[in-house]
Amino acid sequence: MPGLLEALLGQDTGSVEQLRAQTGIDAKRAEQAHAAAVGTILRGLEAKSPTEEGAGSIWEMLRKHVEEGNIPAEAPGPDGGGVQVRDMDPKVANDIMKVIFGQNAPEVQGGFGKVITLDPETSRKVF
């Protein structure tokens, strides 16, 4: 079974294909956007997690969304089961982004869109 990083960064063509179908961008841009978004989120988690307060807020966010059924309690199996990109409520995704990036969440998404050259709506869909 892949670990978290392998699941996020590995040869997960399913996520890229879902992103491509959801946004309408071509396969190469979808792959670039997926990799950049995952890297951005992981850097945000890395920046927030060193403090007890930051790590606690991440842990609490994960616990809350597992309890509410928004994210799975178990790691996806080899069949790729679990929450799919198209299944996550945008409000849940925004809540997660706010926990990771705080008040800067909209700027992170906007900056990401400018770097990857995506419009704001497509950037939100990627995240």
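Coordinate-derived values only; no laboratory data. Keep in mind that what you see is a predicted model, and the values were worked out from it rather than measured.
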Potential lengthening between Glu74 and Ala93 on full extension [0.36 nm per residue; Cα-Cα distance subtracted]: 5.0 nm
Calculated from backbone phi, Karplus (6.51, -1.76, 1.60) coupling profile of segment 21-27 in Hz, x at Gly/Pro: 5, 6, 9, x, 7, 5, 4
Ratio of Rg to Rh over segment 13-52 (Cα coordinates, Kirkwood Rh, two decimals): 1.18
